[in-house]
Each structure stands twice: as C-alpha cells, then as structure tokens.
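**Student:** One structure, as structure tokens, below. Some questions next.
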Amino acid sequence: MTQRITDLLAAAAERAVPVVRGVPDDLLAAPTPCADFTVGDLANHLYQVVVNFQALAAKEQPDWAKAPDYLHGAWRDAFAAEAGRLIDAWAAPDSEEGVSPGMGLPTRTVGQMALLDLTVHAWDLARATGQPYEPAPATVAELADLLATMGPTARKMGVFGEPCSVPADADDFTRLLGDSGRDPAWTSGN
C-alpha cells in the first residue's frame, strides 16, 4: 500500500526539524554539500520550500522568484511551525489528486519533491554543521523511485549534479545521496 505524502512528510519533518534547530549562527556562512549554498543559504532555501509546497498542495502557484530572508528572529521555531503547516496542507483529501497547475506534474510527484528536499537538505545541513542525521526508512524507499524517474530531468535542469559513485554495498540512503549528485563522504573540510 502506498503511503500518503502527508505521512511521509511527517516522518521526514520529525528528523529535519531537530537538524534545523541545531544550526548554530556561527556556521551560517559555512559550506554545504550543495556547492552553491552556504548553511544559511540552504536553511533559507529549505524554509522557502516548506512554505511554497504548502501552496502547491492546495493547487496554487507560489512565487519562486521571491526569495525572502526567513533567517531572522526565532526562525528555527518558525521553520518547525511551517513544517507542521506543510504536513497539514498535504493532509487535505484532494492534495494528491490531479495535476499541479503550476508545475504540470502529478500532484503526488510534487509532494515527493517536497519530501526529497526535506530529506536530502536535512542531511546536507546536518553534514555541514556536524550533526547526526538518519532519514526515515519509508522516505528513502519513496524517494528512490522518484529519483529513478525524475533524476535525468533534474540533472538537465541543473537541480542535481551527475551521480556520485558509491560502494556496491552502500545502503539505500547512501545510494540516494549519490544518485542526487551528492558525495556521501562529504565533509566541511573537502
């Protein structure tokens, strides 16, 4: 039986929110496994994803061109609240039905994209700030299928880098990281 996106997002948020809460101010300018993003850039991007994908769950088109600075005040607590709103938005009965008017993709695929960002960017932030991170097993299984179908398009669009080699005996999450163009062995000293 296929799990609902809202349940998968809840499992991913349960692991991502503590990582975001653990991002120290003195590392906001530090590098991340995403070469174009500092820790602060990536935290701000993830915050924007969590907000914008709420609109996509409601079949609305968010404004991706606007990139507000979310990292002020009690932004870590605000991120946790927005992650809760994301879960609630995808709990709506029709959130996974039809095609997203803004993206032209099945809405379940759009929800999987939010799940991918919440899972992989939590790892990115954890790795960049020296925090532990273990993804929810159900999210990894769901995302492997998404990457198999969307990975080539994402690479053409510059969203992912080329796949990174991983050991033959790598676990599913390590494979997922490699497929998304990340070096699973990345450290801030790389």
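**Student:** Could you tell me which residue of the range 120-145 is surrounded by the most Cβ atoms within 10 Å (Cβ to Cβ), considering only residues that are among the hydroxyl-bearing types (Ser, Thr, Tyr) and within 11 Å of residue 19 (Cα to Cα)?
**Tutor:** The selected residue is 129.
**Student:** Among 56, 116, 86, which is the only one that is aliphatic (A, V, I, L, M), out of contact with any strand residue (DSSP E or B) (no Cβ under 8 Å at 6 or more places or on another chain), within 21 Å of residue 173 (Cβ to Cβ) and open to solvent by less than 30 Å² (accessible area, probe 1.4 Å)?
**Tutor:** 116
**Student:** Please list, ordered by first then second residue, the pairs with beta carbon atoms under 7 Å, 6 or more apart or interchain, first in the range 154-168 and within 20 Å of residue 185 (Cα to Cα), second of a type in the set (Val, Ile, Thr) and outside any loop (DSSP other than H, G, I, E, B).
**Tutor:** Close Cβ pairs satisfying both conditions: 166/174.
**Student:** How many of the residues making up the range 47-63 are touching a Lys or Arg at 6+ places or on another chain (Cβ under 6 Å) and part of a loop (DSSP other than H, G, I, E, B)?
**Tutor:** 0
**Student:** Hey, among 122, 128, 81, 65, which residue is out of contact with any strand residue (DSSP E or B) (no Cβ under 9 Å at 6 or more places or on another chain), touching a residue at least 12 places away in the same chain (Cβ under 8 Å) and either hydrophobic (A, V, I, L, M, F, W, C) or under 16 Å from residue 3 (Cβ atoms) (or both)?
**Tutor:** 122
**Student:** Is one or more of the residues making up the range 23-31 β-branched (Val, Ile, Thr) and free of Cβ contacts under 8 Å to residues at least 12 places away in the same chain? Don't jump to the end; show me each part of the working.
**Tutor:** Of the range 23-31, the ones β-branched (Val, Ile, Thr) are 23.
From the residues that got through so far, the ones that are free of Cβ contacts under 8 Å to residues at least 12 places away in the same chain too are none.
So far as the range 23-31 goes, no, none of its residues is β-branched (Val, Ile, Thr) and free of Cβ contacts under 8 Å to residues at least 12 places away in the same chain.
**Student:** Right, something else. Can you confirm whether residue 161 is part of a helix (DSSP H, G or I) and more than 21 Å from residue 2 (Cβ to Cβ)?
**Tutor:** Working: part of a helix (DSSP H, G or I): no; more than 21 Å from residue 2 (Cβ to Cβ): yes.
It is false that residue 161 is part of a helix (DSSP H, G or I) and more than 21 Å from residue 2 (Cβ to Cβ).
**Student:** Name the single residue that is nearest to residue 117 (Cα to Cα) among those in the range 86-101 being out of contact with any Lys or Arg (no Cβ under 6 Å at 6 or more places or on another chain) and acidic (Asp, Glu).
**Tutor:** In this case the residue turns out to be 88.
**Student:** Let me ask something else. Kindly provide the set of residues from the range 1-46 that are part of a helix (DSSP H, G or I), among the small types (Gly, Ala, Ser) and over 24 Å from residue 159 (Cβ atoms), ordered by number.
**Tutor:** Matches in the range 1-46: 10 only.
**Student:** Just for the range 146-175: of the residues that are of a type in the set (A, V, I, L, M), farther than 20 Å from residue 36 by Cα and under 18 Å from the mean Cα position of the chain (by Cα), which one is most open to solvent (accessible area, probe 1.4 Å)?
**Tutor:** Across the range 146-175, the extreme among qualifying residues is 148.
The values are calculated or read from the model by the stated rules, or taken from the named source; none is laboratory data. Just so it is clear, the model here is predicted, and its values are computed rather than measured. Cβ: placed from backbone, ideal geometry, glycine included. Neighbour counts: every protein chain shown. For the accessible areas, the whole protein counts, side chains as well, though only heavy atoms, and no ligand, DNA or RNA atoms are used. Shrake-Rupley method; radii C 1.70, N 1.55, O 1.52, S 1.80 Å.
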